[in-house]
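Reading through the structure tokens given below for one structure.
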Amino acid sequence: MSNDKLIIFDTTLRDGEQSPGASMTRDEKVRIARALERMRVDVIEAGFPIASPGDFEAVQAVARAISESTVCGLARALDKDIDRAGEALEPAASSRIHTFIATSPIHMQMKLRMKPEQVLEQAVHAVKRARQYTDNVEFSPEDAGRSEIDFLCRVIEAVIDAGATTVNIPDTVGYNMPHQFGELIRTLIERIPNSDRAVFSVHCHNDLGLAVGNSLSAVLNGARQVECTINGLGERAGNAALEEVVMTVQTRQDIFPCHTGLDTTQIMTCSRLVSGITGFAVQPNKAIVGANAFAHESGIHQDGVLKSRETYEIMRAQDVGWSANRIVLGKHSGRNAFRTRLQSLGIELGSEEELNDAFARFKDLADKKHEIFDEDLQALVTESGLEAGNEWVKLVALKVCSETGETPHAAVTLWIEGEERPATSSGGGPVDATFRAIEKLVNSGTELQLYSVNNITSGTDAQGEVTVRLQLDGRIVNGQGADTDIVIASAKAYVNALNKIIQREERAHPQLGDV
Ligand code: KIV
Ligand code: ZN
């Protein structure tokens, strides 16, 4: 059996960012890109440069920061998009432009209002233009999963002739079935005369929960690149989860005629980092990275695993980075130990000031919590805001009274643009009272869409990690906060979301473009 390389193309920073509320700042994108590079991801899609000046700068910053992985930028099949992507990627050691146009009848007629011949011509033109910036060009016929096969073959043959080196087949709406999608890939490779001159890639959405299944079926039928995201983040129900694709291929080498070059021990670090930055908590029963993925509850299972791990485990937890969950530091640990542990987690603090700030928070936490785990450190650093200085509002103090039979009451002090301001409020519960007090000061007009609490580690002294989703004028952001006191964690999460909703620019939606 041949053992080809399966290229892993991560689109957490682009399609992942299209999840409502998951938008990331430039610095957050750079941090995630560094973690992906450490994991040896082959291609990092860093964003959609034409979407906004912020996205342009983020792609440019990732291009500057990354040297081992190829950095990719998305562009509709339009000159202005391609030129902007080319410009953003200029500093990259290795760059790729990913250009796309829809090929399904419904998208061509209803969205683009273009004839198939015009779409074909524009696709070819776009690839040729992208080749002026880089010889690494990817083309996607958007909604390929619902396109007519003859037209799809014509478009793909033409773009390969025009210089596309990767042809990516998206199941944009997550409509395909695994056997059908695999068959589609096989047919394309067999029927297109020049198919040997490009790598066939797939990009599957998870609307029916089949994104990973469809991607793997495509791999069995000749695809040699999979586009995926950490934790399966992405538009609507998300994209294929990187960790599931990679671990399936690795675990079932008896079936897959290919391998990835990834350092899978970095998976947990990447998962936590993405979850912390985007505010998208990982469900406990999520494959590979969920808190229960390697936990055995039933007595029969526990007994079996104690006798022989393979009775109920098909992978080793440490192969995906779970062993990192050990006591790392305590209240007597010094600054150097702290810095070294952060470095080994791949967390680089930009300045001494940021290190000092994070270390002070670590000491506060160590006073309240006996054992500090890697997860605590990650939450602490995410929350300590590597972007301190960009905040317009900070939590200074919070006092909450909650007593049986009494109305809960909160007294909050916020720092708002240089000034400390106090407010009090009552509410249905301590969290409600806190949020009302904060709102008295900021009057943001936002709507609370989601509130959730998770334990970062186990035990009653564990930190609670709170996610708050706020909506303002159609824009959605997720804020996160962690603390051993969940009301304080809630206040931090609320303030974090407020900072994001005020700072972030509105981003154009790549697939609602006016091609
Ligand atoms: O889902 C999709 O079709 C996309 C394309 C831009 C590849 O994200
Ligand atoms: Zn997509």
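Annotations
- Relative contact order (%) - the range 7-278, alpha-carbon pairs under 8 angstrom, separation at least six: 19 percent
- Partner lysines whose Cα lies under 16 Å from the Cα of LYS399, excluding those fewer than 8 positions away in the same chain, are identified as LYS440, LYS492.
- Between ASN336 and ASP461, the simple spin-label model (points 7 angstrom out along Cα→Cβ) gives 2.7 nm.
- Length released on extending from ARG361 to ILE149, taking residue separation times 0.36 nm less the Cα-Cα span: 70.6 nm
- Anisotropy class of the chain from Cα gyration tensor, a/c 1.5 cut: prolate
- Residue order, fewest to most surrounding Cβ atoms within 10 angstrom, among ASP135, ASP83, ASP196, ASP319: ASP196, ASP135, ASP319, ASP83
- Across the chain, the mean sequence separation of Cα contacts (distance under 8 Å, 6 or more residues apart), normalised by length, yields a relative contact order of 12 percent.
- Here the calculated FRET efficiency for GLU310 and GLU371, from their Cβ-Cβ distance with R0 = 35 Å, stands at 0.70, rounded to the nearest 0.05.
- Length available on full extension from GLN118 to GLN449: 0.36 nm per residue minus the Cα-Cα distance, which gives 114.9 nm.
- The stretch between GLU403 and GLN283, if pulled fully straight at 0.36 nm per residue, gains 40.0 nm over its current Cα-Cα span.
- For the range 393-503, a crude dipole built from +1 on the beta carbon of Lys and Arg and -1 on the beta carbon of Asp and Glu, taken about the Cα centre, is about 260 debye to the nearest 20.
- Each of ILE66, ILE255, ILE314 was scored by other Cβ atoms within 10 Å of its Cβ. Arranged with the fewest first, they read ILE314, ILE255, ILE66.
- Cα gyration tensor shape for the range 183-263, rounded if a/c is under 1.5, else prolate or oblate: oblate
- Fewest-first ordering of SER351, SER195 by other beta carbons within 10 Å of each residue's beta carbon gives SER351, SER195.
- Modelled FRET efficiency - R0 22 Å, LEU220 with ASP303, Cβ distances, 0.05 increments: 0.05
- Overall form of the range 199-315 per C-alpha gyration tensor (a/c, 1.5; a/b vs b/c): oblate
- The distance from the alpha carbon centre of the range 90-120 to that of the range 250-288 is 30 Å, rounded to a whole number.
None of the figures in this text is laboratory data; all of them are computed from the coordinates on show. Since the structure is predicted, the reported quantities are computational estimates derived from the model, not experimental observations. Because the Cβ atoms are built from the backbone with ideal geometry, glycine has one as well, and the counts that use them run over all protein chains shown.
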